[in-house]
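So the structure is just underneath, and the comments pick up after that.
Since every read-out is calculated from the coordinates, none of them should be taken as a lab result. Quick caveat, the model's predicted, so the values are computed rather than measured. FYI the Cβ positions are ideal-geometry reconstructions off the backbone, even for glycines, and counts take in every protein chain you see.
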Amino acid sequence: MKRRPEKKRDRKGNEIVVGVAWYRAEDYPRLLEVATDRKGMHSRFVDWEQSALLNNDKLREQGIRIEKIEIDLEELIAWCNARNRSNDGAARAEFAVEKLRARLSPNT
């Protein structure tokens, strides 16, 4: 029986949680259209999904909790435009972090 890894904690003892941007298959072609870093992205959703799932598994094996953040693509585009940001990996990660914070702290 496989043993669950011990949960990773930060210096304050809080569980480490990573928000992962998660796209819908039907949105992926549009994501590739609007992403400024599309040349570095998987050209097919199934390839992106397989890679993302493998990365998530690796993080879980290290004891890191994964929270999938379903991305509303039009909301992401509006968020980037409002901040004058390119729709690149850094912006998408920041967007996912904001969504994760809102999920974990619904009263703020």
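Close amide H contacts of HIS42 (hydrogens built in the peptide plane, cut-off under 5 Å, sequence separation of 5 or more or a different chain): none are found.
Placing dummy labels 7 Å off each Cα toward the beta-carbon, the span from GLU75 to GLU26 is 1.6 nm. Modelled this way, with points 7 Å down the Cα-to-C-beta line, the labels at ASN56 and ASN84 are 3.6 nm from one another.
Close amide H partners of LYS68, meaning residues 5 or more places away or on another chain with modelled amide H under 5 Å apart, are VAL20.
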